[in-house]
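First up is the structure itself, then whatever we jot down about it.
The values are calculated or read from the model by the stated rules, or taken from the named source; none is laboratory data. Please read all numbers here as calculations on a predicted model, not as lab measurements. Here the Cβ positions follow ideal geometry from the backbone for every residue, glycine too, while neighbour counts run over all protein chains shown. Just so you know, the surface numbers come from the protein's heavy atoms only, side chains and all, with ligands and any DNA or RNA stripped out. Shrake-Rupley method; radii C 1.70, N 1.55, O 1.52, S 1.80 Å.
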Amino acid sequence: NACVFLGDGSPTTWGAMVGALVHCDAVFIGETHDDAYGHALEAQLVGELIDGWHGGALSIEMLERDEQKVADQWLAGEIDSHQLAEQTKSESWAGQNSWVEWYQPVLDAAKVNGGVVIAANSPRKYVRMVSKDGMKSLPPVNSEERALFDAPCAQHPEYREDLRAVMVEMRQEEGQPTPIVSDEDLDRFLASQLMWDATMARSVAKAREKFHV
């Protein structure tokens, strides 16, 4: 059994939660990537929502836009789940053999309830380019490759400082002075994070033109 709470902290039930979410255009589900219990709840929720919507879309972070064709082939039964994980190099997305245990059940829940799967994320190739050399390293605006990602258009100063704190924590060594994170390093890290966010947000928005998501 799952403990379910409203935004104000008051308890509710799983059934009441699903009953409310069915009336939403889009539902965003956060996860801790290595939490098996959370993944089981996620699969259950995805299945119940898409069933309640009589179809819909699962827009998923774990697949990238250039992998949409592979996702479509799996959905059509042209390849199996092993081939899906292999062709998208997802077998160990969140740890050794994590795909088959944690992510495939979520995709299966969408498929068996009549949903589609949206490969929502930016290919890592472009995120690495931004992280290494900044936004100027991306393909030009008129390039066909631009369909594979969305560039962020906002600076998010509070998010920037939160990321600085994360980078300091990541670099901190026991017994050593607090590390300095340069603005240049921080801005490259921020740009890569915002590219992921912008790309997935646009993927949801486009899917919403046809489906509940």
Original post:
Could you count how many residues in region 1-45 are surrounded by 13 or more Cβ atoms within 10 Å (Cβ to Cβ), under 15 Å from the mean Cα position of the chain (by Cα) and of a type in the set (D, E, K, R)?
Top reply: 2
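I need the full set of residues from region 192-207 which are open to solvent by less than 30 Å² (accessible area, probe 1.4 Å) and either among the small types (Gly, Ala, Ser) or without any contact (Cβ under 8 Å) to a residue 24 or more places away in the chain (or both), in order please.
The answer is 192, 198, 203, 207.
Here is a yes/no grid of residues against (1) in a strand (DSSP E or B); (2) within 27 Å of residue 125 (Cα to Cα):
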residue	(1), (2)
37	no, no
41	no, no
47	no, no
50	no, no
57	yes, yes
67	no, yes
82	no, yes
85	no, yes
89	no, yes
Original post:
Considering region 33-67 alone, what residues qualify as being at pLDDT below 95 and touching a helix residue (DSSP H, G or I) at 6+ places or on another chain (Cβ under 7 Å)?
Top reply: 36
Original post:
Taking residue 169, is it in contact with a Pro (Cβ under 6 Å, 6 or more places away or on another chain), open to solvent by 50 Å² or more (accessible area, probe 1.4 Å) and assigned to a helix (DSSP H, G or I)?
Top reply: no
**OP:** Give me the pairs, please: first residue somewhere in region 30-51 and more than 19 Å from residue 19 (Cα to Cα), second residue anywhere and in a loop (DSSP other than H, G, I, E, B) and open to solvent by 20 Å² or more (accessible area, probe 1.4 Å), beta-carbon distance under 8 Å, and either six or more positions apart or on two chains.
**Re:** 33/94; 34/94; 38/31; 38/32; 39/31
**OP:** With the condition kept exactly as written, say whether any residue in region 102-112 is in contact with a helix residue (DSSP H, G or I) (Cβ under 8 Å, 6 or more places away or on another chain), farther than 28 Å from residue 92 by Cβ and of a type in the set (Val, Ile, Thr).
**Re:** no
Original post:
Within the set of pairs 6 or more residues apart or between chains, which connect a residue that is free of Cβ contacts under 8 Å to residues at least 60 places away in the same chain inside region 123-142 to a residue that is exposed (fewer than 15 other Cβ atoms within 10 Å of the Cβ) with Cβ atoms less than 6 Å apart?
Top reply: 129/137; 139/145
Subject >> Hits in region 7-18 - residues which are within 18 Å of residue 213 (Cβ to Cβ) and free of Cβ contacts under 8 Å to residues at least 24 places away in the same chain >> reply: 17
